[in-house]
Amino acid sequence: MRRAGLGRPAARFLPMKFTLVSLLLVGLFTARSFAVSLTERVRLTIEHVDLKVILAPEGTNLLKFIVLDHDRATNYFTTNAVLVVAESSKLSVPEGFPELGPSGSDLWVLPASQNPLLLYLGINATGLPLSAQRLDLFLRRIDGPGHFLAWQFASAGGLAVSHSTRDGLTEADRFNPVVGGHEHHNLGFSTNGLFTLWFQARATVGGTNAWSPETPILFAVEPLPAIPAGPATLVASATELAGSLQLHLQGTPKAAYQVERSADLANWEPVTEVIASENPVSVTVPLPGHSTQWFFRARRP
Amino acid sequence: MKSQLLFALALTAGFILPASAQTFLTSGHADIGIAYAAGLFDLHVHDGETDTEFSPPSGAVLVVGSAAQTTTPGALSALAPVGSSLWILPKTENPSLLFLGFGTEELTIADWTGTLSLSLKSVSGPGNFGIYDVGTFGDIQLKMNSADGVTAGDSLSLVPGSHGHYNLTFTAPGDYTIGLEASGIHAVDGAVTSGTVNYSFTVVPEPEEYAALAAAGLLGFAVWRRSRR
């Protein structure tokens, strides 16, 4: 009896007949409920994009964030997009701006004025009725390896910092765009890596308070640190090919895995090496005839 | 005498009596818009509040309200003498003022090679006109400045399919006609240009200046009458 398996210490054994349909249904059900993985998100890199607040559903006092891609005239759920801060955005904080960081320190900046080589990210309040008042977008939480700042300069050059996680998060860390308006700020990150900023919107709509949930917005400040490859999942096809079996491996993108087989779960021999160039990636393994059962696993080499 | 008095008052009130057949945009979001079709640029004004397009743009008067008046700081000394009056339509939205942007959303980025250039070709008015941006760390980036003459360096670089804001400056109250020209390299049509297109601005002084102007007008009338006797 042949079985498909996974490498230890990350070894998990799956039944031969794996109900992919049920997995697909579960995936669809959860797609809108939970964030998709980084690799499955739409990467927004140089577009004119806005973090936009809307009333949703219309006619309620519930606020919601969406990501508006002006270049493609497309709206994304915030969980389906990653806002990329390219490595070329890295600057050094000059002297005289202690609010932005120590002089000479690195700061990755998405500027308030459009740079065709960088993401042009704005704050958009055009989705609210003009009768709405006092819109605030609070930064409630930050998950990431460094700090986040947002600032503008007045016409005559005066610095106004609207957000700084360097001194902790308070009610003062907020955008308050004009209802019906649209604005740009300089957005800074003190180091590279993945940052999740949790924003919450509040406004007065129809005389009542309107709120959004705390909404995670994912930023990828490049270069992203290398992530160690995780364990892989091996699934066998329901149909055997003559003298061989087709397996499907799902692992960390671009990571290499060694597929091994064993007739007794004690002695393992290498079969082939697979690169997770896509997910899942198919691999056909031979089934030698000197055993009636085979176990398979995938391990990091 | 009555007609002479009325004439003097009319001269004094010249700053506040509107011209005919024009729409005055005083607040809200508007754009100096650039479109392109059938081989021709279309430079216009787009009123974002009413979704109205003014083409030619002379159908709209872009009002720089009195709230825009400030005193020229040292950082902007290239635009006007430090301490002198300066009217600034800011790149960040002020609900009391017109929020004027530069819109190229009607263009498709794939149709163009690189960015477009919007050049200053002429300034007619009682003062000088300028456009500047403020960089990431507060550095002043002059884009246009008629104070040192109108040259090839007076231009904005605009990404097709996008939209941006800058600070616009005027050094004296009154009516201005600003000549702008768009140019770029179209993927099919090659190098194209709009020619000079005129935009109308009116810069409104602060109320105290209205009174001073009115007083000056009446005084001038009185002196003229006395000299006639």
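The values are calculated or read from the model by the stated rules, or taken from the named source; none is laboratory data. What you see is a predicted model, and the numbers here were worked out from it, not measured in a lab. Cβ: placed from backbone, ideal geometry, glycine included. Neighbour counts: every protein chain shown.
Considering only region A:27-41, how many residues are at pLDDT 75 or above and surrounded by fewer than 16 Cβ atoms within 10 Å (Cβ to Cβ)? Spell out how you get there, then give the answer.
Initially, region A:27-41 is screened for residues at pLDDT 75 or above, giving A:37-41.
Remaining after also requiring surrounded by fewer than 16 Cβ atoms within 10 Å (Cβ to Cβ): A:37-40.
Residues meeting the conditions: 4.
Checking the conditions here, which among B:Thr171, B:Thr71, B:Thr115, B:Thr136 is in the same structural domain as B:Asp189 (by TED's automatic domain parsing) and surrounded by fewer than 16 Cβ atoms within 10 Å (Cβ to Cβ)?
On the way: B:Thr171 fails: surrounded by fewer than 16 Cβ atoms within 10 Å (Cβ to Cβ); B:Thr115 fails: surrounded by fewer than 16 Cβ atoms within 10 Å (Cβ to Cβ); B:Thr136 fails: surrounded by fewer than 16 Cβ atoms within 10 Å (Cβ to Cβ).
None of the other options fit; the residue is B:Thr71.
Checking A:Pro213 against (1) at pLDDT 90 or above; (2) within 32 Å of the chain's Cα centre (by Cα); (3) assigned to a strand (DSSP E or B), only one condition comes out false. Which one?
Of (1) at pLDDT 90 or above; (2) within 32 Å of the chain's Cα centre (by Cα); (3) assigned to a strand (DSSP E or B), only one is false for A:Pro213: (3).
Residues in region B:91-99: is at least one part of a strand (DSSP E or B) and either in contact with a His (Cβ under 6 Å, 6 or more places away or on another chain) or within 30 Å of A:Gly180 (Cβ to Cβ) (or both)? Working first, answer last.
Initially, region B:91-99 is screened for residues part of a strand (DSSP E or B), giving B:98-99.
If we keep only those that are either in contact with a His (Cβ under 6 Å, 6 or more places away or on another chain) or within 30 Å of A:Gly180 (Cβ to Cβ) (or both) as well, we get B:98-99.
Yes, the conditions are met somewhere in region B:91-99.
If I go through region B:139-155 residue by residue, how many of them are within 12 Å of another protein chain (Cβ to nearest Cβ) and exposed (fewer than 14 other Cβ atoms within 10 Å of the Cβ)? It would help to see each step written out before you state the result.
To start, the set of residues in region B:139-155 that are within 12 Å of another protein chain (Cβ to nearest Cβ) comprises B:139-141, B:143.
Subsequent filtering for residues that are exposed (fewer than 14 other Cβ atoms within 10 Å of the Cβ) retains B:139, B:141.
Looking only at that region, the number is 2.
Name every residue in region A:138-156 that is within 14 Å of chain B (Cβ to nearest Cβ) and closer than 15 Å to A:Gly188 by Cα, in order of residue number. Break it down into steps so the answer makes sense when it comes.
Pass one, region A:138-156, residues within 14 Å of chain B (Cβ to nearest Cβ): A:149-156.
The answer is A:Leu149, A:Ala150, A:Trp151, A:Gln152, A:Phe153.
Within region B:100-113, count every residue that is modelled with pLDDT of 95 or more, outside any loop (DSSP other than H, G, I, E, B) and either within 11 Å of chain A (Cβ to nearest Cβ) or under 16 Å from the mean Cα position of the chain (by Cα) (or both).
Total satisfying the criteria: 4.
In region A:167-192, how many residues are over 22 Å from A:Gln114 (Cβ atoms) and buried (at least 17 other Cβ atoms within 10 Å of the Cβ)? Full working, then the answer.
So in region A:167-192, the residues over 22 Å from A:Gln114 (Cβ atoms) come out as A:167-174, A:176, A:179, A:190-192.
This time we only want the ones that are buried (at least 17 other Cβ atoms within 10 Å of the Cβ), so: A:169, A:173-174, A:179, A:190, A:192.
Number of matching residues: 6.
Every residue in region A:156-202 that is part of a loop (DSSP other than H, G, I, E, B), touching a residue at least 12 places away in the same chain (Cβ under 8 Å) and within 28 Å of B:Leu89 (Cβ to Cβ), please. Let's see the steps before the verdict.
At the first step, the residues of region A:156-202 found to be part of a loop (DSSP other than H, G, I, E, B) are A:156-158, A:168-173, A:176-181, A:185, A:190-192.
Checking the rest, the ones that are also touching a residue at least 12 places away in the same chain (Cβ under 8 Å) come to A:169, A:171, A:173, A:176-181, A:185, A:190-192.
Once the filter is applied, which keeps residues that are part of a loop (DSSP other than H, G, I, E, B), touching a residue at least 12 places away in the same chain (Cβ under 8 Å) and within 28 Å of B:Leu89 (Cβ to Cβ), region A:156-202 yields A:Asn176, A:Pro177, A:Val178, A:Val179, A:Gly180, A:Gly181, A:His185.
Name, by its number, the condition in (1) over 23 Å from A:Pro57 (Cα atoms); (2) more than 11 Å from chain B (Cβ to nearest Cβ); (3) in contact with a strand residue (DSSP E or B) (Cβ under 9 Å, 6 or more places away or on another chain) that does not hold for A:Tyr76.
(1)
Tell me which of these A:Leu110 doesn't satisfy, since it passes every other one: (1) at pLDDT below 95; (2) within 14 Å of chain B (Cβ to nearest Cβ).
A:Leu110 satisfies all of (1) at pLDDT below 95; (2) within 14 Å of chain B (Cβ to nearest Cβ) except (1).
Among the candidates B:Ser84, B:Ser66, B:Ser77, single out the residue that is assigned by TED's automatic domain parsing to the domain that holds B:Gly161 and within 16 Å of the chain's Cα centre (by Cα). Talk me through it step by step, then tell me what you get.
Working: B:Ser84 fails: within 16 Å of the chain's Cα centre (by Cα); B:Ser77 fails: within 16 Å of the chain's Cα centre (by Cα).
Of B:Ser84, B:Ser66, B:Ser77, the one residue that is assigned by TED's automatic domain parsing to the domain that holds B:Gly161 and within 16 Å of the chain's Cα centre (by Cα) is B:Ser66.
Taking A:Pro228 as the residue in question, decide whether it is modelled with pLDDT under 90, in a loop (DSSP other than H, G, I, E, B) and not polar (S, T, N, Q).
For A:Pro228, the condition - modelled with pLDDT under 90, in a loop (DSSP other than H, G, I, E, B) and not polar (S, T, N, Q) - is met.
Name the single residue, out of those in region B:80-99 being in contact (Cβ under 8 Å) with a residue 24 or more places away in the chain and either of a type in the set (Ser, Thr, Tyr) or more than 11 Å from chain A (Cβ to nearest Cβ) (or both), that is surrounded by the fewest Cβ atoms within 10 Å (Cβ to Cβ).
The extreme case among them is B:Ser96.
Taking the options A:Leu128, A:Leu159, A:Leu135, A:Leu118, name whichever one is more than 9 Å from chain B (Cβ to nearest Cβ) and farther than 24 Å from B:Gly48 by Cβ.
On the way: A:Leu128 fails: farther than 24 Å from B:Gly48 by Cβ; A:Leu159 fails: more than 9 Å from chain B (Cβ to nearest Cβ); A:Leu135 fails: farther than 24 Å from B:Gly48 by Cβ.
The unique qualifying residue is A:Leu118.
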